[in-house]
Amino acid sequence: MILEIKTFLLAMMPIGELRISIPYALEVYDLSLWSAYFFSVIGNLIPAIFLLWFLGPVSKYLSHHFYSFNRFFAWLFERNRKNHSNKFKNWKELALVILVAIPLPFTGAWTGSICAFIFRIPFKTALPLIFLGILIAGILVSLLSLGLFQFI
């Protein structure tokens, strides 16, 4: 059970997420594919839940109590909405799923949660979309780890 917990914790890390935890669980910990997938998916989902819950209240608190944070969040929201709102309007929910599902650096559940916060996607909408993206990313990383996509 220790190896499953280590896999779970690896999947919670912001940069590596599933891209690290599944191959590591399969190769180093010698876990079964299903154990590696399950514990990685659950481990990757936990930070997304907390980020979706707490980014709003934390940013609101910081904005109300610190002028520099207020300016930063106003700039961040305005800039990103201005630069990306048309793309997001066209793709909507699919954009969030794809962002989370693509197993590349700076994509994944952490980035998807931050984007959901920036574009003010409600928790009840964002969480299932991020979860679907995590499931897809887990499948892709599992297939890559098993060598089924050797052409990449």
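Just a few scattered comments:
- Checking each residue in the range 107-116 for being surrounded by fewer than 20 Cβ atoms within 10 Å (Cβ to Cβ) and either in contact (Cβ under 8 Å) with a residue 40 or more places away in the chain or basic (Lys, Arg) (or both) picks out only 114.
- Here residue 31 passes the criteria (1) closer than 16 Å to residue 113 by Cα; (2) more than 18 Å from the chain's Cα centre (by Cα) except the one numbered (1).
- Residue that is farthest from residue 56 (Cα to Cα), among those in the range 95-152 that are in a helix (DSSP H, G or I) and of a type in the set (Phe, Trp, Tyr): 131
- In the condition set (1) closer than 15 Å to residue 134 by Cα; (2) aliphatic (A, V, I, L, M); (3) outside any helix (DSSP H, G or I), residue 20 is compliant with all but (3).
- Scanning the range 24-73 for residues that are at pLDDT below 95, in contact with a Phe, Trp or Tyr (Cβ under 7 Å, 6 or more places away or on another chain) and small (Gly, Ala, Ser) yields 56, 59, 63.
- Restricting the range 118-130 to residues that are more than 12 Å from the chain's Cα centre (by Cα) and touching a residue at least 40 places away in the same chain (Cβ under 8 Å), the residue that is surrounded by the most Cβ atoms within 10 Å (Cβ to Cβ): 118
- When restricted to residues that are surrounded by 11 or more Cβ atoms within 10 Å (Cβ to Cβ) and within 13 Å of residue 118 (Cβ to Cβ), the range 41-94 contains 16.
- In the range 31-52, the residues that are assigned to a loop (DSSP other than H, G, I, E, B) and polar (S, T, N, Q): 32
- Test: residue in the range 53-71 that is under 13 Å from the mean Cα position of the chain (by Cα), outside any loop (DSSP other than H, G, I, E, B), without any contact (Cβ under 8 Å) to a residue 24 or more places away in the chain and closer than 30 Å to residue 24 by Cβ: no
The values are calculated or read from the model by the stated rules, or taken from the named source; none is laboratory data. Given the structure is predicted, the values throughout are model-derived calculations rather than measurements. Here Cβ is always computed from backbone atoms with ideal geometry, including for glycine, and neighbour counts include all displayed protein chains.
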